[in-house]
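Asker: A single structure is presented below for examination.
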Amino acid sequence: QVQLVESGGGLVQPGGSLRLSCAASGSIASMYYMGWYRQAPGKQRELVAGITSGGITNYADSVKGRFTISRDNAKNTVYLQMNSLKPEDTAVYYCNGRKISGDYWGQGTQVTVSS
């Protein structure tokens with residue numbers, strides 16, 4: 001069983017930056033896909049960014065050019081660098097990891113973009 005723990009959320013002003021981290025209790029090398037999702041109040045959870053084990057990335061249109069996902073298999077950690085943050089980026093951000101054996105989720109970290 002792999003546990004995912006997110007960190008790095010907080011309150012930031014519009015235009016600011018944050019870097020989220022997702023640390024796994026075990027190896028992420030076997031996770032063929034890892035992603036960051038977010039859920040704002042009253043809205044469905046949505047995919048923000050994902051990265052395959054081969055390093056191929058995909059992004060929601062709303063964050064392209066502003067967010068960057070990366071993974072460090074040696075540190076068993078996935079990152080989400082968020083720049084030029086907007087109030088509409090406010091949400092709880094969740095880390096997800098997929099293995100053949102199943103799906104794993106973190107507990108989430110709150111990101112609030114407000115002046």
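The values are calculated or read from the model by the stated rules, or taken from the named source; none is laboratory data. It should be emphasised that the depicted structure is a prediction, and the values quoted were computed from it without experimental measurement. Cβ atoms come from the backbone with ideal geometry, glycine included; neighbour counts cover every protein chain shown. SASA here: full protein model, heavy atoms, side chains in, ligands and nucleic acids out. Shrake-Rupley method; radii C 1.70, N 1.55, O 1.52, S 1.80 Å.
Asker: The conditions are (1) touching a strand residue (DSSP E or B) at 6+ places or on another chain (Cβ under 7 Å); (2) open to solvent by 40 Å² or more (accessible area, probe 1.4 Å); (3) within 16 Å of CYS95 (Cα to Cα); (4) touching a residue at least 24 places away in the same chain (Cβ under 8 Å), and GLY35 fails exactly one of them. Which is it?
Answerer: (2)
Asker: Quick one: in the stretch 45-93, which of the residues that are open to solvent by 40 Å² or more (accessible area, probe 1.4 Å) and in contact (Cβ under 8 Å) with a residue 60 or more places away in the chain is nearest to LEU4 (Cα to Cα)?
Answerer: Checked the stretch 45-93; the qualifying residue nearest to LEU4 (Cα to Cα) is GLN81.
Asker: Follow-up. Counting just the residues of the stretch 15-32 that are part of a loop (DSSP other than H, G, I, E, B), touching a strand residue (DSSP E or B) at 6+ places or on another chain (Cβ under 9 Å) and open to solvent by less than 40 Å² (accessible area, probe 1.4 Å), which one comes out modelled with the lowest pLDDT?
Answerer: Once the filter is applied, the top-ranked residue is ILE28.
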